[in-house]
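Everything on this sheet refers to the single structure shown next.
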Amino acid sequence: MGLTDPVSKEAPAGDQVFRRMRIAPAYKAVSAEIERIILSGALEPGAPLPTEQELAQQFGVNRSTLREAIRQVEQEGLVERREGRRLFVALPGLTDFAPRAMRALVLQQATFHELWQVAVVLEPLAAQLAASAAREDDLQALAANLARMDMLAQQAATENAEAEAQRQSALIELDVQFHALVARAGRNRALMLAREPVSLLYSATLSRMQGQLPQMHARNLAAHRHIVEALRQHDAERAEHWMRKHIVDFQRGFVLAQLDMHVPVSMAE
């Protein structure tokens, strides 16, 4: 065989060498481009987007394709409608990110034990950071949270089932809010985004526990008081210690309530 002879590596007849291309729908290509432009910083939060007609012309697509693309970007929290139907660049917040992350955790069948493993790392870190960064308005918000939780915890259980359910639900909401306030006081946006979906999914766990452990809210309140006092004194070591103790106590409560931490999480009971 000479150097110029063709190499005999032809695929057998009938074999498919090339795979079929998967072309993304036009609306996905448009939404990806809008997202790219926003994330590049070319359009800052608050900046107006061109009108739908102008965008459709610039992208060379019809209005229905453009509207589907915009719907995708809106769901990501990157744009919002103001002044009628005019689109503006938005700054995504926790309320945009957390629900999607929660759904992903549920679909992946993450367990309550896995959530706890994350919480026992992130929550003490949040308290440690808050001890250094907390401002007076943060401390006031935490104090208001404690006062409201104290008032509800001291109320005697009522025979009205609906009213009692509302009281218990409010206590859980205040518990979740407390941890969010501590994280906010730490001024670490990456930490706030990381912990939020885990914290929100824990509310379902608390609902399951409170029926078995009537002392749960009193213990939570006591731990919260220690944490806030440490934050007031800017004592990072003490704040981290009490938050870790609090999260470990949560695991003990799960055991006492005879609940299985290895079952997949769910969005609601």
**Asked** For Met149, are the conditions met, namely being surrounded by 16 or more Cβ atoms within 10 Å (Cβ to Cβ) and free of Cβ contacts under 8 Å to residues at least 40 places away in the same chain?
**Response** no
**Request:** Determine whether region 242-254 contains at least one residue that is charged (D, E, K, R), in contact (Cβ under 8 Å) with a residue 24 or more places away in the chain and farther than 16 Å from Glu123 by Cβ.
**Result:** no
**Prompt:** Out of the residues in region 238-266 that are more than 19 Å from Gln212 (Cα to Cα) and of a type in the set (D, E, K, R), which is surrounded by the most Cβ atoms within 10 Å (Cβ to Cβ)?
**Reply:** Glu240
**Complete:** Ser64: passes all of (1) surrounded by fewer than 12 Cβ atoms within 10 Å (Cβ to Cβ); (2) modelled with pLDDT under 90 but (2)
**Asked** So which residues in region 105-147 are of a type in the set (D, E, K, R) and modelled with pLDDT under 95, if there are any at all?
**Response** Glu114
**Message:** Among the listed residues His179, His217, identify the single one that is in the same structural domain as Pro124 (by TED's automatic domain parsing) and either over 29 Å from Ala101 (Cα atoms) or in contact with a Leu (Cβ under 8 Å, 6 or more places away or on another chain) (or both).
**Reply:** His217
**Complete:** Of the candidates Leu107, Leu122, Leu87, the one satisfying the condition of being crowded, with 17+ Cβ neighbours inside 10 Å, more than 19 Å from Ala190 (Cβ to Cβ) and among the hydrophobic types (A, V, I, L, M, F, W, C) is Leu87
**Asked** Looking at this structure, is Ser203 polar (S, T, N, Q), surrounded by fewer than 22 Cβ atoms within 10 Å (Cβ to Cβ), in contact (Cβ under 8 Å) with a residue 24 or more places away in the chain and assigned to a helix (DSSP H, G or I)?
**Response** yes
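Among the residues of region 210-230, which ones are closer than 17 Å to Asp175 by Cβ and touching a residue at least 60 places away in the same chain (Cβ under 8 Å)?
Those that are closer than 17 Å to Asp175 by Cβ and touching a residue at least 60 places away in the same chain (Cβ under 8 Å): His217, Ala218, Asn220, Leu221, His224, Arg225, Ile227, Val228.
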**Complete:** Ala134: passes all of (1) over 22 Å from Leu206 (Cβ atoms); (2) touching a Lys or Arg at 6+ places or on another chain (Cβ under 6 Å) but (2)
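The values are calculated or read from the model by the stated rules, or taken from the named source; none is laboratory data. As the structure is a prediction and not an experimental result, all values here were calculated from the model. Counting neighbours? That spans all protein chains shown, and the Cβs are built from the backbone with ideal geometry, glycine included.
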